[in-house]
Structure formats: structure tokens, C-alpha cells
1. How much net charge surrounds B:V174 when only the other residues with a Cβ under 13 Å from the Cβ of B:V174 are counted, with Lys and Arg +1 and Asp and Glu -1?
2. Can you classify the range A:366-438 as rounded, prolate or oblate using the Cα gyration tensor, where a ≥ b ≥ c are the square roots of its eigenvalues, rounded means a/c under 1.5, and otherwise it's prolate if a/b beats b/c and oblate if not?
3. Just how much of A:H386 is accessible, in Å², when a 1.4 Å probe is used and the result is rounded to the nearest 10?
4. Sort the range A:70-359 into rounded, prolate or oblate with this rule: let a ≥ b ≥ c be the square roots of the eigenvalues of the Cα gyration tensor; rounded if a/c is under 1.5, and if a/c is not under 1.5, prolate when a/b is larger than b/c, oblate otherwise.
5. Work out the mean other chain Cβ neighbour count within 10 Å for the residues of A:236-247 and drop it here as an integer.
6. Ignoring ligands, DNA and RNA, how do B:C150, A:C150 rank by accessible area with a 1.4 Å probe, largest first?
7. Rounded to the nearest 10 Å², what accessible area does A:S383 have for a 1.4 Å probe in the complete protein model?
8. Using only atoms on other chains, find how many Cβ atoms lie within 10 Å of each Cβ of peptide A:304-317 and report the average.
Amino acid sequence: MAAASSSSCGGGGCGANCSSSASPATDDAPEEKLGRLSISTGGAASCGKCGGGAVVVVAGGVGLCAECLRAQLFGKFKLAVTSNAMVRPTDSVLLAFSGGPASRVALQFLHEMQSKAIESWDASNSQALPAFDVGVAFVNESALSSKPKCEIELAIADIKSIVSSLLPGDKAMHIAPLEDVFSSESNDREGRLRELVSMVNDDTGREDLLQCLRMLSLQKIALQNGYAKIMMGSCASAIACHVLSATVKGQGYSLPADVQYVDTRWEVPVVLPLRDCLSQELSLLCELDSLKTEQLLDRPCSGINGLVASFVARLREENPSREHTIVRTAQKLKPFSFNKFSANGYHDFLPSRLRPKFQNVDSDESTFPEVFCIICRSPFSESELHNLESTKHKAQKKIDLYTAYCCQSCHFQILPGGTNLGDQFFSLLPKFWTERVDTAPAGNCSLRDQIEDYLLEDDDDEN
Amino acid sequence: MQSIAAPARAGSRLCARCGERKAALKRPKTLEQICRECFYVVFEDEIHRTIVDNNLFKAGERVAIGASGGKDSTVLAYVLSELNKRHNYGLDLFLLSIDEGITGYRDDSLETVKRNELQYGLPLKIVSYKDLYDWTMDDIVKAIGLKNNCTFCGVFRRQALDRGAALLKVDKIVTGHNADDIAETVLLNILRGDIARLSRCTFITTGEDGPIPRCKPFKYTYEKEIVMYAYFKKLDYFSTECIYSPNAYRGFAREFIKDLERMRPRAILDIITSGENFRISTTTRMPEQGTCERCGYICSQKLCKACVLLDGLNRGLPKLGIGRSAKGGAGADGNGERQGKRPERNRSSLQGKHGNLDF
């Protein structure tokens, strides 16, 4: 249904984990649940950090009690936010909320940070640092779901009540149907969405296309409501899955773009503060703190993404920190220039001792503009650029250009085969994407488009 | 072998390539239904293209084929000698086998290689662990048990191949690593966080700065197609797993690759593409080249890994040089003056040079 996390599996939980460990609203005895999630040797052990409470989870070889687990996760979240300057005091932040445990924890932590900021704003005399604003977005995919409407309505009502219960700090709630990505271009948006999605034959491709549409939907909400950042609940487990599935799809070049804390290639920058937390820990925290999650909207991933998720689940059984290792590997790859905030004066709000850390970074690297895939926004690799250049010169029709502006992975798993289908497919894509293609440099392309209606047959020599 | 069952169902459809003969098989790489003759042609042509496009060989070179008697190296020896004749590469080809001294496994597979020597008319050289190190794998397993024995075997074989190649005075070694192997290695390096090896493991030629470079003409060739080729050509190969080999970790990744291939055949090539395109910073430190003080083999430490392991065996301390203690062990031996360097880079000395892990 609706997951606003950036990776292949909804809500930051990973396929196997989502379906097995997070059965909705069952009355499992808490001990039983904890027993399944934790790897501790027995209830008797006491917390390796504070020595007090009973161990609920083993992280990095140390058994932690509920309090220390909470503190550790919040610490990671806060460190990610502050050390990457993710949220400025004047920002308004849109949290992508899927109802899953990861984005639920992100919502909770963001709320706590906001409450603290409000508190100190109220207490301070000078009122120098205002408290940032928080909004919450939920992408409603009921148009594509087989679940009964009433259940979805209920789930959405739950989500609204979760958000409205978080006080102080008013949080605007945006519930956007996925088909709104076509707003203003189409009357039958639902129909258009269904037609577009049904044109993709590959299961994995369909799932990935939905992911891209979801991101577009979030971007639209953020743009229309003046948000400066989009915060996602992508956790280490989800990112580990993404690392492997991107590798398997041949997206090795663009992979590092997706695993950084900050990603400014979008109109509204995206930040991932839960990148260092495992989905198991986040689910556990939701249970311990009785944070309500909405599992009804969860949907297991299929195709390549599903295969990868079950592979990662198996690796996790063998070694609980394997997901961290996978994420760390991807972090050692060279990030792109858009993986940090670089606008002039962006870091001015930071204490002066921290500012140099951000400002000196880009002095030694030349930043050239990347070319992005129109569908998934992956930066182009050298061979894709090469292909694009050569197509630009000989392209006769718009569709050839559009095709050349798709990365090889989208080309294979999303674009339908055959020119006719291709034409139709591109006409169904949100204008927001196809308008990005700059048709101007390809002279004969637009020429041909102008006389298109008068040509009888596509009998020319193109490809 | 069971995987060959598919083509039987092709029925009366015509070959998608020539359109004349009856399709006899579904090509694992593309799922095209083609006839046997066309399969031979595309299979051999792809390898030829790989060789030509990557300038793997120069005319007049002496090339040793690492031959274990298994399917990959047998098909490699056969195809390479065919292509050498057909396209006039002008290569002097040799078979080079390593006898690890594993009773019930290597002795049988070496019989296969000896038959290949006659069948393909390629001179064969066998180098044994017994001669080089005075230890057979059987002895080593007796001394250290079944755990970690692959570490010894892997390190020793890498060096043994180089030594055998030096004896043959060849310019290059080719190995039968196929696309599945390389894809698997890419994944394993991601799972281990080994960025230095991740950057090298998709190179088609490795060790160019060393004395004898190695290359992998099967880099883009699917394992299933190799099996299919051997099966249809009725090549004589040996197909038993090493009796000491069970390796659960590699097994995981292998199984995953097979699942992926079933779902999307091109996934294997895509993984290799990803591996080639990873943005790995050029400042990633590579180990410095040196030579082993004891045996003169290339290494990045004072002593090469084989000498460290051998030392352990001979002194009755077989744990020396294995796993985590390797940093301590090898480090204490050879690292005294290089303390500023990061240990993870130092560790990868030999294995790293040849780009692969546990073969």
C-alpha cells in the first residue's frame, strides 16, 4: 500500500521481517515477541550499559535494556540530524510516514526534537533560534490496492490520530492519493495510474516504478506546501536491501547517491536520519514504547526486491550485524556532489566551530552537473552518458530521446518493448518527468515532431 | 547436469538464430531457443570477442591454462585451443595443474587433465604442494582439522600456480573463472565490506604489475552455458566437489545468484556491470608491492602469506596467519616499520593481487 520509505520494502522493515515479526495488533505476550527479536542469552542478564534493566536486545555484542536501547537509537538519530545539518531552525520538515515502525520511530524522534526546540524557544529570553516546523505526509495507494476501501479508511484515520496526538507542536497532515502525481494533466487520474502501472511487465520494474511515483508524490506535497526538507524513515536494513538490489539491477554507479544522509538531487532535499538503525531495533522500540504502527498498509515486496529481502534476512540470522556491514560498504563508495547541502550560507546557523567542517569539503573537487534518469533519477554512468550523446545527435523522434534519458536499469525493467507501446508509455508518465527532457538541442527531433501529423508511416531508417 | 533437462521440451520450434534447424536448447543467458550448432557459434564467438575487445593476448605469447580437470577449465582449454587455431592468435598453450595432495579428489581429477593433454595436444605441467611446501592437503587437514583448511589451500594454490607458470616460462595464466564466480565475488566483497577487493574483483586481467598476469576469458560466460557446452560436446571432465570444501558462506551467495538467474538471467551480467561501475575513490590505498624475504614471491609484507602459513605448520602453530590473528601474526612479523598504515589494507597481500577469494 503506502510506504514512504526510500527503499524496496515498506516502512523500513524488510520483507521477511515485516511479515513475520510485526503481525498487527495480535496479543502476543511481550516476552515472546522480545524473545524472537532479541538474541539475548536469557532474561536474567542485565544491561551491559547501565547495569540495571533486563536485556531486551543485543546490539554490537552488548546487551541493552529498553531504556538504553531507546537512548542509543535516539542518539543515532540526533547525531545524524545535527552532524549533517539536516534540519535548520527555520526549516519546515515533511516527514514521509508509511505507518511502519521505521517511519513511526522517525516521527516520534522528530517530534521529541521539535518539542525540545519549542521548550527552549519558550524559555529563552532572546528567542534567537526558532523551532522548526513539522508536517507529515502519507501517500495513499488505495487506487492500486486490492484491500477494501473501508479498511484503508480506518488505517488512515489511525494515522491521523497518531499524528494529532503528538503535542506540543502542530503537525500538518497531508494525505495524498498516489494518482495526484497527475494532477492538472488528466481527468481520470486513477485510470491513468492503473494503465501506466499495468504497462510494466516486469514485477520488479512495476514495484520500482511505484517507488519513483511515491517519491514524486512526496516531492509534490513538499513543493506545494513550502517544505524545505523531506525526512524518510529508511533504516539500515532497508538500505542494505537497496544496496544489494541496486547491485543486482546493474545500478552500481548510482548506488552511492541513495545511501547518504543527505540527497539534494531532488527539488526538495531528502534526508535519511535513521540510516544507522536496524529495522529489528526500531520494531522492538515501537513495541516497548507502545508506538502505534499501521501494518495493514504493509505490502511484501516481490521479484528481485523480494528475493534480496529474504537473502538479507538469511544473512541477518547468520550474523546480526551483516546489514550494517553492507551499508558501510556502500558508504565507502564515492558519494555525489549533491549528497550534501552546498547552498551559500546554508550552514550559517551552525555554531562557528562546526561550520568549517561543512564549508571546506567541496573545495578540492570539481562539481559537474550530473545527468539523471527521468524515471528513477539515478545519475548516469559513463556508458549511459555516451549512449545519450550519440542518441541526441541522431534522434528523430521524441520517444528516442525519452528512451535515451532512461537509465539502463529502467530501460530493461520498466519501459515496455516496442515503439508503439513506448509512445503510449511516455505519454502516460507524469509530465513532471517528461518535461525534464530537454528536446531543444536535438534539432531534427523537434523538426520531425512538428510535421509528425503529416507523415504517413514510420518507414525511416531510425534504429 | 540436471540443468540440461530444459532443451528437450523445445519441440518443433525453429532456431531463433538461423531459422533453419530445429531449436534444441534454451540459451541460459538470453532464453533464446536455438539449435546446437548456433549455440556453439554464439558461445565461442562471445569468448572470442571478450579476448579481442580486452586485448587479452599478444601473438607469440606463451599462455598457461590453470587446469583442474573440472568443467570450467576443461571447456576453457578446449575453446581456447580451438579459437587459437581458428583465429590465429599465435599462442603457445600449456596446461598447468596443481596437485594439492587430496586423496580421492585431486588424484582422480588429475587423471582427467592427463587425458585432456592427449585429447587437445597441449603439454601439461603438474606442480604439487608436496614438492613446493613438503606438505600435502591431506597432511594439513590431519594437522589442523577441517576448519580453515581452505585458507591454506587457497594461498598455496595461488602461489603454486605462479611457480608452475614460472617453470613453464609463460607470459600469462588464464583461469576458468566464469561470470557466476565473478558476480558471487562482487556480492561477497559487499557483504564483507572489502572495498579494495571490490574494486579489483571485476578486472578481467589482474596482476599486470606482477611477474605473470592472470586473465579470465570466461568473465562474461555463464556457468550454465559452460556446462551445456561440455555436455553437448561430450568433453571429458571431472565433476566432484572437493572433499574438504563445504563452505556455507559462499554457498549462501551462490544459491542467491542461482535464484536471481532463474528470475532474471541478465542479473549476473548486471552484477558484474555494477562491480565495474562502482565509484571507488582512487585514493583507496592498495598494498605496496614487495618481495618475500624468504622465498622471493611478490608480497606486501616482509614475508608472503604462504611463508607465514608454512612457518605456522612447521612450528606446530597452525593458527598463525589465519583470520583475525593474521593481522597480529603477519603484522608482528613484517609490519614493524609500517605502523602508520591501516591494517585492513595490509592483510590483503596475496589474495588481493589475484583478485579472487576462495578458489
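1. Once positives and negatives cancel, what remains is +1.
2. prolate
3. 140
4. Since a/c stays below 1.5, the shape of the range A:70-359 is classed as rounded.
5. That average works out to 2.
6. A:C150, B:C150
7. Ignoring ligands and nucleic acids, A:S383 comes out at about 80 Å².
8. 3
The values are calculated or read from the model by the stated rules, or taken from the named source; none is laboratory data. It should be emphasised that the depicted structure is a prediction, and the values quoted were computed from it without experimental measurement. Heads up, the Cβs are rebuilt from the backbone with ideal geometry, glycines too, and the neighbour counts pull from every protein chain shown. Accessible surface is based on the protein model in full, side chains and every heavy atom, while ligands, DNA and RNA are left aside. Shrake-Rupley method; radii C 1.70, N 1.55, O 1.52, S 1.80 Å.
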